1. So which pairs qualify, if the first residue must be in region 21-45 and outside any strand (DSSP E or B), the second must be open to solvent by 90 Å² or more (accessible area, probe 1.4 Å), the Cβ gap must be under 6 Å, and the two must be at least 6 apart or on different chains?
2. So, in region 120-160, of the ones that are assigned to a loop (DSSP other than H, G, I, E, B) and touching a strand residue (DSSP E or B) at 6+ places or on another chain (Cβ under 9 Å), which residue ends up surrounded by the most Cβ atoms within 10 Å (Cβ to Cβ)?
3. Is it the case that region 49-58 has a residue that's modelled with pLDDT of 85 or more and more than 17 Å from the chain's Cα centre (by Cα)?
4. Got a sec? Which of Leu85, Leu114 is within 27 Å of Leu5 (Cβ to Cβ) and not in a helix (DSSP H, G or I)?
5. Quick check on Met43: is it of a type in the set (A, V, I, L, M), modelled with pLDDT of 85 or more and either open to solvent by 70 Å² or more (accessible area, probe 1.4 Å) or on the phi > 0 side of the Ramachandran plot (or both)?
6. Please specify each residue of region 114-143 satisfying the condition of being among the β-branched types (Val, Ile, Thr) and without any contact (Cβ under 8 Å) to a residue 12 or more places away in the chain.
7. Which numbered condition trips up Thr68, out of (1) touching an Asp or Glu at 6+ places or on another chain (Cβ under 6 Å); (2) more than 26 Å from Ala121 (Cα to Cα); (3) in contact (Cβ under 8 Å) with a residue 40 or more places away in the chain?
8. Got a sec? Which of Cys106, Cys77 is under 30 Å from Ile22 (Cα atoms) and either at pLDDT below 90 or out of contact with any strand residue (DSSP E or B) (no Cβ under 6 Å at 6 or more places or on another chain) (or both)?
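The values are calculated or read from the model by the stated rules, or taken from the named source; none is laboratory data. Every value quoted in this text rests on a predicted model; they were computed, and no experiment measured them. Cβ placement follows ideal geometry from the backbone for every residue including glycine, while neighbour counts extend to all protein chains displayed. Quick note on the areas: whole protein, heavy atoms, side chains included, nothing else; ligands and nucleic acids left out. Shrake-Rupley method; radii C 1.70, N 1.55, O 1.52, S 1.80 Å.
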Amino acid sequence: MLDILCLPGIRPVDLRSQSKGITIVADVEDGDLPECSDCGTQMYRHGKRQNTFADTPMQMQPTRLEITRPRYRCATCGKTLTPELPFLDENRRATKRLVDAIRERCLGMTFNSLAHQTGLAVNTIKNIANDLIEELEKTVRYETPVIMGIDEVNLAGDYRCIITNLATNNVF
């Protein structure tokens, strides 16, 4: 099958188009058996686990990834391990590229429209936007205008106050 995902470490094996969106089934590319981080002995295969993650929309439909990941277990200490995938967001069940796309659009679109496009919950979109706003508050500094202009505008039948920075011709 053609690699339509372009994500490292997985190989797509099936594609299902449903009424709720597109589901792509993928397997993790097998590598060498890992060593236990606690005791250093080589681990053995301990079954597989299927997880679902959200990805960027394809063909104007929400896209889900069903990834089957192997599990490994240490015979000595009993620790189990599931290999990490570098393209997944560590805070959400979504790919990093989907979270980045939401971060780019969340301040210019409604959360409901983004949720409809991506198939995520509105609260997930809101949490991504809140993370972005917290990040921006740490880095962006707003300066008080040197020359301040005050005007009003009639919106929805009521007058609203508009404060502007006349030195840069921007709304404050």
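1. Glu29/Arg11; Leu33/Gln42; Cys39/Thr76; Thr41/Thr76
2. We begin by selecting, within region 120-160, every residue assigned to a loop (DSSP other than H, G, I, E, B); these are 120-121, 140-147, 156-157.
Checking the rest, the ones that are also touching a strand residue (DSSP E or B) at 6+ places or on another chain (Cβ under 9 Å) come to 120, 143-147.
Numbers: Leu120: 22, Glu143: 9, Thr144: 7, Pro145: 15, Val146: 9, Ile147: 9.
Only one residue fits best here, namely Leu120.
3. Keep residues of region 49-58 that are modelled with pLDDT of 85 or more, which gives 49-58.
Then drop every residue that is not more than 17 Å from the chain's Cα centre (by Cα), which leaves 49-50.
The answer is yes, given that some residue of region 49-58 is modelled with pLDDT of 85 or more and more than 17 Å from the chain's Cα centre (by Cα).
4. Details: Leu114 fails: not in a helix (DSSP H, G or I).
Of the residues listed, the single one that is within 27 Å of Leu5 (Cβ to Cβ) and not in a helix (DSSP H, G or I) is Leu85.
5. On the way: of a type in the set (A, V, I, L, M): yes; modelled with pLDDT of 85 or more: yes; either open to solvent by 70 Å² or more (accessible area, probe 1.4 Å) or on the phi > 0 side of the Ramachandran plot (or both): no.
Considered against the rule, which asks whether it is of a type in the set (A, V, I, L, M), modelled with pLDDT of 85 or more and either open to solvent by 70 Å² or more (accessible area, probe 1.4 Å) or on the phi > 0 side of the Ramachandran plot (or both), Met43 comes out as no.
6. Within region 114-143, the subset among the β-branched types (Val, Ile, Thr) is 118, 122, 124-125, 128, 133, 139-140.
Matches in region 114-143: Val122, Ile133, Thr139, Val140.
7. Among (1) touching an Asp or Glu at 6+ places or on another chain (Cβ under 6 Å); (2) more than 26 Å from Ala121 (Cα to Cα); (3) in contact (Cβ under 8 Å) with a residue 40 or more places away in the chain, Thr68 violates only (2).
8. Numbers: Cys77 fails: under 30 Å from Ile22 (Cα atoms).
Testing whether each residue is under 30 Å from Ile22 (Cα atoms) and either at pLDDT below 90 or out of contact with any strand residue (DSSP E or B) (no Cβ under 6 Å at 6 or more places or on another chain) (or both) leaves just Cys106.
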